[in-house]
Amino acid sequence: MAETINMPKLGFDMAEGTLIRWVKQVGENINKGDVLAEIETDKATVEVESPASGVVLQHIVDQGSIVPVNAPIAVVGNAGEKVDAPTSATPQKTEEKPIPPKPEPVADARQGAPVAQTKPTPEPAQSGAEGDGHVKASPLAKKIARDNKVDLSRVEGTGPGGRVVRKDVEAALSSGAAAKPSISTPIPPPVPVSHEDETIQLTKLRQAIARRMTESKTTVPHFYVTHEYKMDAVMAMRKRANEYLPDNEKLSVNDFVLKAVALTLRQFPNLNGSFASNNQVVRHGAVNVGVAVAVENGLLTVAHKDTDQKPLRQISNEVKTMVSRAREGKVKPEDIEGSTFSVSNLGMYDVEHFIAILNPPEAAILAVGSAREVPVVENGEIKPGWRMKATVSVDHRVSDGAEAAQFMQALAKYLEEPLRLLV
């Protein structure tokens, strides 16, 4: 029996998606779980898997169409089976706006704009380092002239055929008559450049970021708490652990941070919660830490599930896999859904400190800077030590400054005594 496949809902705020490409064409066999099509949502390009096996009998919408959530997009059934075309909302074709050409250099003839070409001013024949070929001189004479900034064109040669030799250059140096004149460097004509404005259409991802971040900053009362952590023990443990791991499985500082955050959130359920519209706080039972990932034209948060229950090595491998899919534009729906708290780490960009905007509906997000070896004072002595700054942004409707400060202190126990992450 034929089965109709609908546009999936990927995320609580998704209303529509753009069908980018049909992977399976009409008449092709398809198995349950095979990729049927690729769709673009507000967040990413996602592969749509077929929930049924059989033959692709019909494509209901064309490539490039904008389709509402739950609207039919295809029919899968038995070969030769006749189906009635399901009714669906009329898909909108994405408007292909002409992309303004990038401004070419004005000097390029394709611009069609006349450009005055300035002929280079002929320079006087010089020798030494600038024009040895114009004056006959021995190699040694050239070297002495170059080292002493002597203009060989002003030196009278006594060698064969008027060739300048060593004694001629030395005589000129003694008299001071052949010093290279001070020549002001000619100022090159200004290079014409285009100052035309360029308007770029925002991608769906950039539009979603703009909409959600504006909503977050204007409707959610943020407050911030910063703490500096001693990272000497983490850096030492990471170094030793990585000696036993293959290159593609080595642990990062962020892996330790994710595990430490997850364990700390067990003690602070408010920060692992969300503010509900009916004046309630939802404390989530699972600790799913979202990881902010820089992708082309924007930012995407992948959700690592049950972070508090998994060992460091598993966390590291799973996050690497999801980040790789996100950057390739092939995330799975489960990769980007369900985070309860987020971590944004800019340490790899040598950022010391920053604050992050909340990712609604989450109640908190942690902004992590780089771990740096800096001078520190301990017991009245200055010595080198590893330090890292982090700032938590919190929804003030859900929690208060004291609780956020206690969370940051509790996080320090795991980062400064990382053996706690293993037991």
Looking at (1) over 20 Å from the mean Cα position of the chain (by Cα); (2) over 23 Å from Ala260 (Cα atoms); (3) surrounded by 15 or more Cβ atoms within 10 Å (Cβ to Cβ), which is the only condition Pro360 fails?
(2)
Given (1) within 19 Å of the chain's Cα centre (by Cα); (2) at pLDDT below 95, Gln280 misses just (1)
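Restricting to helices (runs of 4 or more DSSP H) lying wholly in region 98-209: which have 2 or more residues that are among the charged types (D, E, K, R) and modelled with pLDDT of 80 or more?
Because the criterion is at least 2 residues that are among the charged types (D, E, K, R) and modelled with pLDDT of 80 or more, the helices (runs of 4 or more DSSP H) in region 98-209 that meet it are 139-147, 166-175.
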Would you say Met235 is touching a residue at least 40 places away in the same chain (Cβ under 8 Å), in the same structural domain as Ser344 (by TED's automatic domain parsing) and surrounded by 15 or more Cβ atoms within 10 Å (Cβ to Cβ)?
yes
So, of the residues in region 374-402 that are basic (Lys, Arg) and surrounded by 18 or more Cβ atoms within 10 Å (Cβ to Cβ), which turns out to be farthest from Phe223 (Cα to Cα)?
Arg387
Please determine whether any residue of region 284-297 is under 16 Å from the mean Cα position of the chain (by Cα), at pLDDT below 95 and not hydrophobic (A, V, I, L, M, F, W, C).
yes
Considering each of Lys24, Lys32 in turn, give the residue that is surrounded by fewer than 21 Cβ atoms within 10 Å (Cβ to Cβ) and at pLDDT 90 or above.
Lys24
Restricting to region 403-423, name every residue that is closer than 20 Å to Ala371 by Cα and either of a type in the set (A, V, I, L, M) or crowded, with 17+ Cβ neighbours inside 10 Å (or both).
Phe407, Met408, Ala410, Leu411, Ala412, Tyr414, Leu415, Pro418, Leu419, Leu421
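The values are calculated or read from the model by the stated rules, or taken from the named source; none is laboratory data. All values derive from a computational prediction rather than experimental measurement. So basically every Cβ, Gly included, is an ideal-geometry build from the backbone, and we count neighbours across all protein chains shown.
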